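We did not get these values from a lab; they are worked out from the coordinates using the rules stated. Keep in mind it's a predicted model, so treat the numbers as computed, not measured. Here Cβ is always computed from backbone atoms with ideal geometry, including for glycine, and neighbour counts include all displayed protein chains.
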Amino acid sequence: MEGGNPRRHGLNMQTPHRKAPGQEPNLLVSQQRKQLCPWVGFVKIHAPWNVLCREAEFMKLKMPTRKMYEVKKSSGVVGKINTLVNKVLEPLHPHVEEHQPKNIKHLSHTFSREKQHLVFYKYQPIGLVRKYFGEKIGLYFAWLGLYTQMLIPASLVGVFVFLYGCATVDDNIPSMEICHPKNNITMCPLCDRVCSYWKLSTACATARASHLFDNPATVFFSIFMALWAAMFMENWKRRQMRLNYEWDLTGFEDEEVSGDHPRAEYEFRVMQKSLCKDQKSQQKVIMPVEKLTYRDRLPAYMTNIVMMLLMIGVTFAIVFGVILYRISTKAALHMSSNPITRNHVQLTVKTTAAIINLVVILILDEVYGAVARWLTVLEVPKTDKSFEERLIFKTFILKFFNAFTPIIYIAFFRGRLVGRPGSYLYVFESYRMEECAHGGCLMELCIQLSITMLGKQLIQNNLFEIGIPKLKKLIRYIRSKQGAFQEEERQKKLQRYETDHFLEPFAGLTPEYMEMIIQFGFVTLFVASFPLAPLFALLNNIIEIRLDAKKFVTELRRPVAARAKDIGIWYNILRGVAKVAVIINAFVISFTSDFIPRMVYQYMYSPDGSMHGFVNHTLSYFNVSHFQDGKETMDPLHLGYSIEICRYKDYREPPWSATPYEISKEFWAVLAVRLAFVIVFQNVVMLMSDIVDWIIPDIPKDISLQIHKEKILLVDLFMKEEQGKVYILESRPSAGGTEKCSRSNNSNSTVAHPHSGLHTNNNKNL
């Protein structure tokens, strides 16, 4: 249904929709002509002006309560100075020719910046988006714009942290000790049989690369990102409140809750339940209004729980399969006769495993989206809002586990369940659990995080954004061409609404929000291991805004405009991710990186208070004669001489002590400091975030003042109305006063809304 002039779509005449006798027609239906699209019929419905006015009264649209005056431009020198200042302060606009056709795409030009006007740094026309698509989509693009804007300072700080690591890599004492040419430390084999002893100096490149992301600046960056997330949430609340005021949404929430209608599927199930009860009860008894109870939905709830656990189990199984792939591939590459292949085993295995994880994540994302929708349909939610919230929750849980399970494994479990030489932990009695490189698992976490994040953004968020709608549009068009079209009808020009029928239907904002929420997780959850994540997110979002705009304007059917006061459940998900990010970053810094072991060594065990000797302090001794039978290396003379003692990274007693290979006291000291750091970091950062929430007000000061002024103005208007009524009653004769008073009160009704302005009916009687 559409309002305004129906002739702009080429309609010649309208027939009124039939109403009861004595009632005015509400809608006008256009005469239908022969359709060119097979099996599809179009009905154009037009709402007359009086219907639109009545609906505007029901929606309490804001109307001006006082006259607007036009300010004349000042002349002279002062006027020229003001004009110059306005031109300097005015935002830049793309150059557009003056002589434009009348049917120019104003929204497409300023919104998607198509063709020669692809200017990515311009602001979005949120007002035009809201007028054309509705408040719900307008809020999405406003939120995406603010999120992209807030990524700018985070990106700058992340680049600074990365450059700090690059500048201090040559001064890092642990990496200098590893790369020293006189380093004679012999390390134990990384796998059974096929792997041999190796020199610690061969891990020089990995140690130097790990310092780029594992340095003292990453702790500061983690604290900064936690505060950044809190500031982003507060700024969005202020921005949302400003848009609510400008778009007249301040009193919308209560009206929407009271007027939310049941879904057709829900009413159908209720009707089925009522029919079943009527058939069972032969007596005609007035039954109460039926509704679906918890018992009716119990099979659907059980199906949801089982399927959700099954899907999460599938994710864990795939991660376990990738682990077995890494273990077996590493052993196979060590058996290669090519020395280049053997020297790059670690890099090859890490990269290929990360790519496999990415492909699996992209495939399971589509599967989990379909499963979540099917499970939500089984529940038969009562309202569209309830359906959307349940769908969002299920989709987020499944996709969150799908995207972050491989990363969580590398960050917190890999290298922890390995064992020690001579007593390793095996899977299926043949696969030895993998351990981290000497530089720690932080470098491997960075590789996995960067490949997953960049791959999802490039393939899923950008290529699929335009590619899949265009492909579906082409398939739909080819199918329609193969239908019952005749040759002469193909040559006729289709109407605009018939052309739009070939576009992809609008599937809701859930996919758009979901990809941004997952990206927000990449930016905040493991930012301690990848400081460049905000920069890549910023570059992606600059393109994402224009791709979404172009998709909504040109690739999708125009969605039905819907009013919304906020972004709904997505705000609660964002707050939850921000809180979890503080805890995860505390554990990443404490357990994944070497920040705590370095601090403990420097202040507790270093003889001179420096980092000299830190590498030797973290390595334990192992007697090669204590290897299990069948697990020793096949090439013990790989280094050219016989090995009696090798080293491995752990805090254990040496073989010549009274308790050989037992956990040493240094391990417990480091563990205590790690746990203490997690507790202190978590509480301090969350306290600082709460302080930021308390300092920044939710409502901008100018908006609160304006709302206060409008309330005062509204009270004044009511007082004037009451004074006018009293004056009219006093001026009339006493005879018939009661009847006239009653008639005056009925005819001069005034409808007001405290947040939406004043709405008055006809005041002719006054």
- Burial order of peptide ranges 187-193, 572-578, 398-404 (average beta-carbon count within 10 Å, highest first): 398-404, 187-193, 572-578
- Potential extension, His617-Glu429 segment - 0.36 nm per residue separation minus Cα distance: 64.5 nm
- With label points set 7 Å from each Cα along the Cα-to-Cβ direction at Leu471 and Ile173, the distance between them in nm comes to 5.6
- Note on the structure: Rounded to two decimals, the Rg over Rh value of region 340-482 from Cα coordinates and the Kirkwood Rh reads 1.12
- Hey, quick one: spin label on Leu417, modelled 7 Å out along Cα-Cβ, who in region 294-329 has an amide N within reach, i.e. under 13 Å? 316-317, 319-321, 323-324
- Message: Given a Förster distance of 45 Å, report the FRET efficiency between Cys166 and Ile81 from their Cβ-Cβ distance, rounded to the nearest 0.05.
- Response: 0.40
- By how many nm would the segment from His180 to Ile305 lengthen if fully extended, with 0.36 nm per residue of separation less the alpha-carbon distance? 39.4 nm
- Item | Which of Cys195, Cys436 has the fewest Cβ neighbours within 10 Å, and the rest in rising order | Cys436, Cys195
- Task: Over 21 Å, how big is the tail of the calculated P(r) for region 273-402, in percent of all Cα pairs?
- Result: 61
- Residue-by-residue Karplus 3J(HN,Hα) for region 168-174, coefficients 6.51, -1.76, 1.60, Hz, glycine and proline x: 9, 5, 6, 9, 6, 5, x
- Distance (nanometres) between label positions extended 7 Å along Cα→Cβ at Ala370 and Ala317: 1.7
- Please list 360-368, 167-175 highest first by mean number of surrounding beta-carbon atoms within 10 Å per residue. 360-368, 167-175
- Residues with amide H under 5 Å of Thr186's amide H, sequence separation 5 or more or different chain, H placed in the peptide plane at 1.01 Å from N; which? Arg647
- Task: Within 10 Å, count the other beta carbons around each residue, average over each peptide in 648-655, 47-54, 307-314, and list them highest first.
- Result: 648-655, 307-314, 47-54
- Ala507 paired with Val680, simple spin-label distance in nm, labels 7 Å along Cα-to-beta-carbon: 4.9
- FRET efficiency for Arg193 and Met599 from the Cβ-Cβ distance with R0 = 51 Å, rounded to 0.05, comes out at 0.85
- Distance cut-off 20 Å, percentage of C-alpha pairs in region 364-429 lying past it: 51
